[in-house]
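In what follows, a single structure is set out as structure tokens and then discussed.
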Ligand code: GCW
């Protein structure tokens, strides 16, 4: 009897057990696949660990005709790319490299899972960038700076002896979208990363990642020679220091022959750097470049530098780096955040893009949602990435987009690269929110092909991650595609920026005025609200940051009438009663934007609730409860910003929008205990 009851319960639970999905498989779910083709239907020559993975993926997952995997030296100019050609009984994937064959296998698997046409395939793929790299901001103690998906995946304590199965799963997920490089540790780097015992741990990860085509890079601390080995200083012109880096490079390459190189944050937010010794960023970068050169390693030197000075923060990277153009070694690339401030919901592009004519540049995006509601908000980032890559800098005349500047089209860059700060942690679903997986996916896909549209990326991801049923795909695509603009609307519409609570950057604090701290970390520094209006004057009458842009953008942004309204408060201090293009006053426009942000989130809740039947229970309720948080946060943002700005505008909140439900004084008292310095 007892047993019988257990059986009944198990029987009732069975359907749930099948359909429960914890998100751990990401976009590699293959829900309908039991096994793939038999090994004798795979034609390939040679033996190689990467090829073995490709074959295993086919025997595990491929449901179609026979597959031939061919290495063809004639295809060298495709780099990691490949061709796919099909006849009725065979698909042929060709590439000059084994990794290209693996990428080709993931391509046909994607076609299979998105139910795409598999007939008469004639595909040629070549990656937009050579280095497609994730930057992990993971610390050696297992915490992650700006990480919202639990602790670090890297178990430094357990390595090199004990190996987590997730290292391989991580590598496979990256390979499936073409990511081929990773920086393992935080740019606020511990010198210990370069200690022998840590390098031996890094070697293990590099060995696991290698067959998946992934190279390991490290963030390094500029003071490492002094801190680790007691050198008198870490001055880049000191011979002993130079030799120290050469020795370190040789030690690393003995362990990891294909090591990628260094990522460096120097003289930024308190990190040490060459300026500590009166040297330039070029002196610092070149010293490391010389050490890595014999092994083909590269230096990614970050342009995220600013200090509390009278100069507008949005100009500082430009002013620092433009005079150094031409002074860098050819294995140095300058890594530039998409905007000139700091990964805000919307920024103008960084004017440094296109301003360096002799030095390769690469973009740094942020996948982790430091400024976009952590892992609580649905914000699909492909539109943000695309907006930046498609921005025309005019540096070589019309059509000089950031994509074309960085991918080698306009400058014959020896190195082309694109990077993003990862949102990955040890949470079962990897990214803290099921929809945040889409941002990892989107970055990989765009790094491979920056011409893909946000819509196509969303479509692929939804079909592989959830279902290809159009009744699900359509509304979810709409939600994802509008979600970034929605977040901008309820957080910082019309070009407002950096009005976050200090430190953790979750939630609003437009009143923040840190008189005793860094003014350039204060929200009031960025919005400059007063009785007259709101916004940062970056025209000639203000900081004149507009002059850093190439014509005609300097004029376009310099004139309030021609500045795109979504950046109007980025470039101008705008009177509250200024007439916007739709006839509303600035104050009204601001009010409606905040309101529409809130309304859109409520629409997302309705959309999601209707989709219950298409999603497993686990993911359905998970996303449903996250959307509740997002809705509450959106109302919080709207009330905080409108009530606070109203103390300056003294104008009424338009009658047809929902009234604030909070008191400003109560909102000012909210102090979240989330730590962090700036
Ligand atoms: O966005 C800011 C973050 C810091 C980060 C810094 C950087 C790693 O608030 O946490 O430090 O940028 O990019 O260096």
Query raised in the report: If we scan the stretch 152-164, do we find a residue that is closer than 28 Å to residue 300 by Cα, within 16 Å of the ligand (Cβ to nearest atom) and under 22 Å from the mean Cα position of the chain (by Cα)?
Result: yes
Query raised in the report: How about the stretch 351-368: which of its residues are in contact with a helix residue (DSSP H, G or I) (Cβ under 7 Å, 6 or more places away or on another chain), assigned to a loop (DSSP other than H, G, I, E, B) and within 13 Å of the ligand (Cβ to nearest atom)?
Result: 367
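Could you please let me know if residue 335 is within 30 Å of residue 385 (Cα to Cα), within 16 Å of the ligand (Cβ to nearest atom), touching a strand residue (DSSP E or B) at 6+ places or on another chain (Cβ under 6 Å) and not in a helix (DSSP H, G or I)?
Working: within 30 Å of residue 385 (Cα to Cα): yes; within 16 Å of the ligand (Cβ to nearest atom): yes; touching a strand residue (DSSP E or B) at 6+ places or on another chain (Cβ under 6 Å): yes; not in a helix (DSSP H, G or I): yes.
Judged against the criteria, residue 335 is a match.
From the list 174, 192, 233, pick out the single residue that is in contact with a helix residue (DSSP H, G or I) (Cβ under 9 Å, 6 or more places away or on another chain), modelled with pLDDT of 95 or more and within 20 Å of residue 368 (Cβ to Cβ). Please lay out each step first, then the result.
Values: 192 fails: within 20 Å of residue 368 (Cβ to Cβ); 233 fails: within 20 Å of residue 368 (Cβ to Cβ).
On inspection, the qualifying residue turns out to be 174.
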Query raised in the report: Among the residues of the stretch 615-627, is any part of a loop (DSSP other than H, G, I, E, B), under 30 Å from residue 467 (Cα atoms), in the same structural domain as residue 590 (by TED's automatic domain parsing) and more than 16 Å from the ligand (Cβ to nearest atom)?
Result: yes
Requested in this report: Answer with yes or no whether residue 653 is at pLDDT 95 or above, over 30 Å from residue 467 (Cα atoms) and away from the ligand (no atom under 16 Å from the Cβ).
Outcome: yes
Report summary line: Filtering the stretch 369-403 for residues that are on the phi > 0 side of the Ramachandran plot and within 16 Å of the ligand (Cβ to nearest atom) leaves a count of 2
Report summary line: Subset of the stretch 296-318, residues surrounded by 17 or more Cβ atoms within 10 Å (Cβ to Cβ) and either farther than 17 Å from residue 360 by Cα or more than 15 Å from the ligand (Cβ to nearest atom) (or both), comes to 297, 298, 299, 305, 306, 312, 313, 314, 315, 316, 318
Report summary line: From the option list 328, 321, 343, single residue qualifying as over 22 Å from the mean Cα position of the chain (by Cα), within 16 Å of the ligand (Cβ to nearest atom) and either crowded, with 20+ Cβ neighbours inside 10 Å or outside the structural domain of residue 238 (by TED's automatic domain parsing) (or both) is 321
Query raised in the report: Do we find a residue being closer than 30 Å to residue 503 by Cα and either touching a residue at least 12 places away in the same chain (Cβ under 8 Å) or in a helix (DSSP H, G or I) (or both) anywhere in the stretch 160-169?
Result: no
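Select the helices (runs of 4 or more DSSP H) contained entirely in the stretch 412-526, then report the ones holding at least 3 residues which are in contact with a strand residue (DSSP E or B) (Cβ under 7 Å, 6 or more places away or on another chain) and touching a residue at least 12 places away in the same chain (Cβ under 8 Å).
Values: elements: 437-448, 454-465, 470-491.
So the answer is 437-448.
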Query raised in the report: From 135, 77, 122, which residue is over 24 Å from residue 29 (Cβ atoms), within 16 Å of the ligand (Cβ to nearest atom) and modelled with pLDDT of 95 or more?
Result: 135
Report task. Residues being loosely packed, with under 10 Cβ neighbours inside 10 Å and in contact with a helix residue (DSSP H, G or I) (Cβ under 8 Å, 6 or more places away or on another chain): count how many of those fall in the stretch 639-678. Result -> 1
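Here's the yes/no breakdown for (1) closer than 21 Å to residue 212 by Cα; (2) part of a loop (DSSP other than H, G, I, E, B); (3) not assigned by TED's automatic domain parsing to the domain that holds residue 32:
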{"position": "58", "(1), (2), (3)": "yes, no, no"}
{"position": "67", "(1), (2), (3)": "yes, no, no"}
{"position": "70", "(1), (2), (3)": "yes, no, no"}
{"position": "83", "(1), (2), (3)": "yes, no, no"}
{"position": "100", "(1), (2), (3)": "yes, no, no"}
{"position": "141", "(1), (2), (3)": "no, yes, yes"}
{"position": "152", "(1), (2), (3)": "yes, yes, yes"}
Report task. May I ask you to verify whether residue 372 is crowded, with 20+ Cβ neighbours inside 10 Å and under 30 Å from residue 637 (Cα atoms)? Result -> yes
Requested in this report: Could you identify the single residue in 459, 427 that is touching a helix residue (DSSP H, G or I) at 6+ places or on another chain (Cβ under 9 Å) and either assigned by TED's automatic domain parsing to the domain that holds residue 626 or surrounded by fewer than 23 Cβ atoms within 10 Å (Cβ to Cβ) (or both)?
Outcome: 459
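The values are calculated or read from the model by the stated rules, or taken from the named source; none is laboratory data. These figures come from a predicted structure and were not determined experimentally. Counting neighbours? That spans all protein chains shown, and the Cβs are built from the backbone with ideal geometry, glycine included.
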